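**Q** One structure, as structure tokens, below. Some questions next.
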Amino acid sequence: MRMRKRPNLAPRMEKCAALMIDEPGLYRGHWLESFPGFSALQLELGCGKGRFTADTAQTMPDTLIIALEKVPDAMIIAMERVKERGLENVRFINGDAAGLLDMFAPGEADRIYINFCDPWPKSRDAKFRLTSPGFLRLYADVLKPGGQIHFKTDNTPLFDWSVKQMQSELWQLSELTHDLHRNGPVGVMTDYEAKFYAEGLKINRLAAEKTPDTKGTAAGAVPRLHNAALADARGYAESVSANTEENET
């Protein structure tokens, strides 16, 4: 989905400048020292318009949340949401998850959120998925022992593929579900999630914990990904079909 250009982006960004980290590498290894008063560091990869960011921060006032987003036209909405609520425990980086080790030291983060990321459905693009082995090893490096990835998506083929990658990379999986909101809304939602839930689409979710055996970047060559095409780029067909079959039984 293409993000439309936001009017007056530059002055709006300027009003939220206090929330932006322009040189995150300067804080590498010292995030909690640089922002005293917080007991944990959590990262959100691709915060979008920031509904999840702001709501999560509000429920965790003792946690510093660093939200990464590559699209300024989306990030400005997230920043304005945080600013309007007066939340002091969120900072933003206009950056890419591929650069995590330039921003965070090994073992520095407690948790990583990945919500409704781009599925990159073609096999040749599988390495760009945020749950591909290359990215999973970056997360293993920056997370503390016992640190977790929390992953949500409406795309069932992407979810099932991601489960296999995490198992191969020796993450310990828990809270795995293909229908998170089966009995009513659970937890903090993103904007996309609220929309999909209203449309009756199922939401997949899991938690993946770093163990002593989880592979990091020192584990050697990242496995080559073959035949990794996803059945449907958005996951709609699978979700709608599953809902239809369940309703007919």
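**Q** Tally time: how many residues in the stretch 179-194 are closer than 25 Å to A228 by Cβ and either in contact with a Pro (Cβ under 8 Å, 6 or more places away or on another chain) or without any contact (Cβ under 8 Å) to a residue 60 or more places away in the chain (or both)?
**A** 2
**Q** Given the criteria in contact (Cβ under 8 Å) with a residue 60 or more places away in the chain, closer than 17 Å to E209 by Cβ and either out of contact with any helix residue (DSSP H, G or I) (no Cβ under 6 Å at 6 or more places or on another chain) or assigned to a helix (DSSP H, G or I) (or both), does K127 qualify? Explain how you work it out, then say what you get.
**A** Numbers: in contact (Cβ under 8 Å) with a residue 60 or more places away in the chain: yes; closer than 17 Å to E209 by Cβ: no; either out of contact with any helix residue (DSSP H, G or I) (no Cβ under 6 Å at 6 or more places or on another chain) or assigned to a helix (DSSP H, G or I) (or both): yes.
No, not satisfied.
**Q** Examine the stretch 167-179 for a residue that is of a type outside the set (V, I, T), at pLDDT 95 or above, over 18 Å from K49 (Cα atoms) and crowded, with 17+ Cβ neighbours inside 10 Å, and state whether such a residue exists. So that I can check it myself, show each step before the final result.
**A** Step one: of the stretch 167-179, the residues of a type outside the set (V, I, T) are 167-176, 178-179.
Still in the list and also at pLDDT 95 or above: 167-176, 178-179.
Those left that are additionally over 18 Å from K49 (Cα atoms): 167-176, 178-179.
So of that shortlist, the ones also crowded, with 17+ Cβ neighbours inside 10 Å come out as 169, 171.
So far as the stretch 167-179 goes, yes, one or more of its residues are of a type outside the set (V, I, T), at pLDDT 95 or above, over 18 Å from K49 (Cα atoms) and crowded, with 17+ Cβ neighbours inside 10 Å.
**Q** Now a separate question. So the check is Cβ under 8 Å with 6+ separation or different chains; which pairs have a first residue in the stretch 66-85 that's within 20 Å of I114 (Cβ to Cβ) and a second one that's hydroxyl-bearing (S, T, Y)?
**A** Sorted first by the residue in the stretch 66-85, then by its partner, the pairs are A67/T53; A78/T53; R81/T53; V82/T53.
**Q** Go over the candidates L64, L68, L41, L45 one by one and state the one that is under 19 Å from L138 (Cα atoms), in contact with a Gly (Cβ under 9 Å, 6 or more places away or on another chain), modelled with pLDDT of 95 or more and surrounded by 13 or more Cβ atoms within 10 Å (Cβ to Cβ). Give the steps one after another, and end with the answer.
**A** Numbers: L64 fails: under 19 Å from L138 (Cα atoms); L41 fails: in contact with a Gly (Cβ under 9 Å, 6 or more places away or on another chain); L45 fails: in contact with a Gly (Cβ under 9 Å, 6 or more places away or on another chain).
Of L64, L68, L41, L45, the one residue that is under 19 Å from L138 (Cα atoms), in contact with a Gly (Cβ under 9 Å, 6 or more places away or on another chain), modelled with pLDDT of 95 or more and surrounded by 13 or more Cβ atoms within 10 Å (Cβ to Cβ) is L68.
**Q** Would you be able to tell me the number of residues in the stretch 132-146 that are assigned to a strand (DSSP E or B) and either crowded, with 22+ Cβ neighbours inside 10 Å or within 12 Å of the chain's Cα centre (by Cα) (or both)? Walk me through how you get there before you give the answer.
**A** Start the filter on the stretch 132-146 by keeping residues that are assigned to a strand (DSSP E or B), which leaves 143-146.
Next, only the ones that are either crowded, with 22+ Cβ neighbours inside 10 Å or within 12 Å of the chain's Cα centre (by Cα) (or both) stay: 143.
Qualifying residue count, the stretch 132-146: 1.
The values are calculated or read from the model by the stated rules, or taken from the named source; none is laboratory data. Since the structure is predicted, the reported quantities are computational estimates derived from the model, not experimental observations. Cβ coordinates were reconstructed from backbone atoms using ideal geometry, including for glycine residues, and neighbour counts include every protein chain displayed.
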